[in-house]
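Written out below as C-alpha cells is the structure these notes cover.
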Amino acid sequence: MKSHISKLSLFLVVFLLFGSKLHAQEKLPVESINQEWILFKEEKGLKFYIRKENIVSNSGNPEAEYAIVKLENTLNKQLTASYSLAVSYNMGCTGCGSSEYAKTLTIPAKSSLEGNLSDGNSPLVMLLINHKLKNGWIPLYITTENLVIK
C-alpha cells in the first residue's frame, strides 16, 4: 500500500512539473516582455522571440505598446510557419480561436525574420495597449495558436 502511494505521489509531482513547463511555454505574461528580445517559444528548429516597442507622442505621452516578434530558423533548410498570435486581456481576447490573425511565413535556412512598426500591418507585430482609449483593456499574456511548422 505504501509503495502504491509513493508511486502515485511521484507520478503527480512529475505530471505537475511537466504540465507547468508546457503551460509556461504557451503563455507569456505581458509584464515580462520588455525592449530586449526574449525567447518565447522554440519548436522544430524555429525560435520565437518577442519584445515590446512603445510609441510616444511628440509631447512625451505614451500612445501605444506593440509586441514585436522575431522568428529564427536554426535549421539548414527553409521552414514555413503557420500560426496565430493571441493576446488575452482582462476583458477578453484578441486573436483567440480566430483565423483573422493567422499568419504563414517562410523563413530561409539559418536566418530570421523580424517585425517592425514601419511595415504598417506587419505579420510579426501585434498591438498590446492603446493608451488613447480610456478604460482600455489590460493585456495579461500572449500565446501562439495553431502552430504548424513545415
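Bear in mind that the values in this text are calculations on the coordinates, not laboratory data. This one's a predicted model, so the numbers in the text were calculated from it and none came from an experiment. No Cβ is skipped: glycine too gets one built from the backbone with ideal geometry, and neighbour counts run over all protein chains shown.
The stretch between Thr74 and Ser112, if pulled fully straight at 0.36 nm per residue, gains 12.8 nm over its current Cα-Cα span. Calculate the FRET efficiency for Leu127 and Leu105 from the Cβ-Cβ distance with a Förster distance of 30 Å, rounded to the nearest 0.05. For R0 = 30 Å, the calculated efficiency reads 0.95. A simple rule links phi to the HN-Hα coupling: the Karplus curve 6.51 cos²θ - 1.76 cosθ + 1.60 with θ = phi - 60°, which for the stretch 133-150 gives 7, 6, 6, x, 5, 9, x, 9, 8, 10, 9, 9, 10, 6, 6, 10, 10, 10 Hz, with x for Gly and Pro.
Between Leu147 and Trp37, the modelled label-to-label distance comes to 1.6 nm, taking each label 7 Å out from Cα in the direction of the beta carbon.
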